[in-house]
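> One structure follows; several queries about it will come next.
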Amino acid sequence: MLKLLSKSGYFFQLLVFLAVATALWMPSFLEPSAPVLSKADGYLYTLLVQGMAHSSSLPVILGFVFTLLFSFLLTSLFSEMDLYPRNNLLISILTVTLLSCNNSLATLNSLYCALIPLLFAIYGMMRLYGREEAYGSVFSISFSIALASLFLYPLIYLLAFVWMGFLTYRILTWREWVISVIGATTPYIYLVSILFLTSTPIESAIWLKAVFDVSGFSIHLTLSDQICLALSAITGLFCFFSVFGTLNEKLIMVRRRIWIVIDFLLLSLICIGLSQPAAGSSYLLLVIPFCFFTAHAISASKNRFSIPDILTSMLMVLVFLTRFVF
């Protein structure tokens with residue numbers, strides 16, 4: 001089914017994308033939910049939520065806008081890096097479905113705010129291959145990850161994604177490694193300065209302590225959510241090995257960029273295991289690699305109905321059943 005959808009025209013795919021997004025978010029527009037809060041929320045996200053305290057619908061609207069924007073940017077990223085066909089919105093359709101798979105996620109979430117800076121970091125890492133003395137790019141990549149962590153503190157662990165990317169590209173000179181640390185600490189220097197100017201010492205200490213106190217969050221999932229996660233894991237693993245098996249057939253630049261996606265996948269799993277951020281939504285970090293490998297496997301398949309297509313179609317149907325039936 002999704003194979004046929006990926007072969008259809010761009011305008012039809014856009015209509016399907018808007019229909020899926022509207023259907024999954026319409027219940028929240030009718031009955032707005034409060035923003036998702038957790039102890040791991042960063043300083044910027046807390047300020048954003050406080051600024052919307054007098055509006056019940058604004059968090060839902062903003063969460064919807066972030067979801068649509070991220071879905072389009074993710075497709076644009078992989079298309080520009082020659083990892084996915086242009087004028088194809090299958091990745092966007094999968095992304096908006098997964099980001100809205102639970103009723104509690106159809107509102108503003110700290111991870112929604114953080115995903116866009118993370119996307120710019122991935123984009124920068126993919127463009128880094130073959131460039132010499134790209135110190136400005138390294139600084140921007142690390143800065144983007146640190147900025148994302150100011151929305152959700154545990155994401156600072158993803159700084160190791162930059163270092164793993166250096167190993168993937170065989171960048172072993174000490175300057176890039178030092179600049180990555182400088183780029184990651186710069187947003188926190190600004191944070192400390194702002195806290196010093198606007199808060200009391202006790203309040204500043206509480207905010208700074210929250211950066212390191214990010215573990216021990218429980219994840220509460222219903223039975224239908226657990227089934228969705230299990231099917232997502234099966235689908236993701238199958239599609240991952242489908243793409244990985246054809247890796248040697250691709251150009252070296254394409255292979256390196258796919259390895260960047262794999263690096264992000266591994267570091268996301270480590271980040272989730274260490275911190276379990278934003279109770280119940282930590283798996284959203286895996287949306288980026290999941291959608292890439294799934295859409296890539298479906299598009300690359302020569303069969304009209306392949307196993308990745310069937311598994312992913314079942315997952316999308318299950319998401320809708322979970323949202324509107326169970």
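The values are calculated or read from the model by the stated rules, or taken from the named source; none is laboratory data. This is a predicted model, so every value here is computed, not measured. Reconstructed Cβ throughout: ideal geometry from the backbone, glycine too, with neighbour counts over all protein chains shown.
> Could you grab the pairs with beta carbons closer than 8 Å, sequence gap of 6+ or different chains, first residue in the stretch 84-107 and free of Cβ contacts under 8 Å to residues at least 40 places away in the same chain, second one surrounded by fewer than 24 Cβ atoms within 10 Å (Cβ to Cβ) and of a type in the set (Ser, Thr, Tyr)?
86/79
> Residue 153 - would you say it is in contact with a Gly (Cβ under 6 Å, 6 or more places away or on another chain) and under 30 Å from residue 40 (Cα atoms)? Full working, then the answer.
Details: in contact with a Gly (Cβ under 6 Å, 6 or more places away or on another chain): yes; under 30 Å from residue 40 (Cα atoms): yes.
So residue 153 passes the test.
> Okay, next question. Is at least one residue of the stretch 78-97 over 16 Å from the mean Cα position of the chain (by Cα), among the acidic types (Asp, Glu) and closer than 18 Å to residue 117 by Cβ?
Yes.
> Just to be sure before I move on: is residue 287 under 26 Å from residue 17 (Cβ atoms) and surrounded by fewer than 20 Cβ atoms within 10 Å (Cβ to Cβ) in the structure I sent?
Details: under 26 Å from residue 17 (Cβ atoms): yes; surrounded by fewer than 20 Cβ atoms within 10 Å (Cβ to Cβ): no.
No; evaluated as a whole, the condition is false for this residue.
> Sticking with this structure for a sec: Could you look through the stretch 56-77, keep only residues that are of a type outside the set (A, V, I, L, M, F, W, C) and under 16 Å from the mean Cα position of the chain (by Cα), and pick out the one that is surrounded by the fewest Cβ atoms within 10 Å (Cβ to Cβ)? Show your work before the answer.
The first filter runs over the stretch 56-77 and keeps only residues of a type outside the set (A, V, I, L, M, F, W, C), leaving 56-57, 59, 63, 67, 71, 75-76.
Keeping just the survivors that are under 16 Å from the mean Cα position of the chain (by Cα) gives 63, 67, 71, 75-76.
Details: 63: 24, 67: 24, 71: 26, 75: 25, 76: 16.
Only one residue fits best here, namely 76.
Residue by residue, here is whether (1) farther than 19 Å from residue 261 by Cα; (2) in contact (Cβ under 8 Å) with a residue 40 or more places away in the chain; (3) among the aliphatic types (A, V, I, L, M) holds:
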position: 136; (1), (2), (3): yes, no, no
position: 144; (1), (2), (3): no, no, no
position: 150; (1), (2), (3): yes, yes, yes
position: 157; (1), (2), (3): no, yes, no
position: 191; (1), (2), (3): yes, yes, yes
position: 196; (1), (2), (3): yes, no, no
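> Another question about this same structure. Name the single residue, out of those in the stretch 246-294 being part of a helix (DSSP H, G or I) and small (Gly, Ala, Ser), that is modelled with the highest pLDDT. First the steps, then the outcome.
Here is the first cut: in the stretch 246-294, the residues part of a helix (DSSP H, G or I) are 247-249, 252-275, 282-294.
Then keep just the ones that are small (Gly, Ala, Ser); that gives 268, 273, 275, 282.
Values: 268: 87, 273: 78, 275: 68, 282: 63.
This residue is 268.
> List every residue pair whose Cβ atoms sit under 6 Å apart, with the two residues 6 or more apart in sequence or on different chains, where the first one lies in the stretch 65-76 and is under 21 Å from residue 28 (Cα atoms) and the second, anywhere, is among the hydroxyl-bearing types (Ser, Thr, Tyr) and part of a helix (DSSP H, G or I).
Taking only residues 6 or more apart or on different chains, the pairs are 66/112; 71/92; 71/95.
Residues are listed down the side, and each one gets a yes or a no for (1) surrounded by 11 or more Cβ atoms within 10 Å (Cβ to Cβ); (2) modelled with pLDDT under 80:
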position	(1), (2)
164	yes, no
193	no, no
207	yes, yes
211	yes, yes
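> What number of residues within the stretch 1-37 satisfy the criterion of being free of Cβ contacts under 8 Å to residues at least 12 places away in the same chain, in a helix (DSSP H, G or I) and not aromatic (Phe, Trp, Tyr)? It would help to see each step written out before you state the result.
From the stretch 1-37, those free of Cβ contacts under 8 Å to residues at least 12 places away in the same chain are 7-9, 11-12, 15, 18-19, 22, 26, 30-31; that's our starting set.
From what's left, in a helix (DSSP H, G or I): 7, 11-12, 15, 18-19, 22, 26, 30.
Narrowing the set further to residues that are not aromatic (Phe, Trp, Tyr) leaves 7, 15, 18-19, 22, 26, 30.
Total meeting the criteria: 7.
> Only one of these is in contact with a Gly (Cβ under 6 Å, 6 or more places away or on another chain) and touching a residue at least 12 places away in the same chain (Cβ under 8 Å): 305, 240, 264, 290. Name it.
Details: 305 fails: in contact with a Gly (Cβ under 6 Å, 6 or more places away or on another chain); 240 fails: in contact with a Gly (Cβ under 6 Å, 6 or more places away or on another chain); 264 fails: in contact with a Gly (Cβ under 6 Å, 6 or more places away or on another chain).
Only one candidate passes the filter, namely 290.
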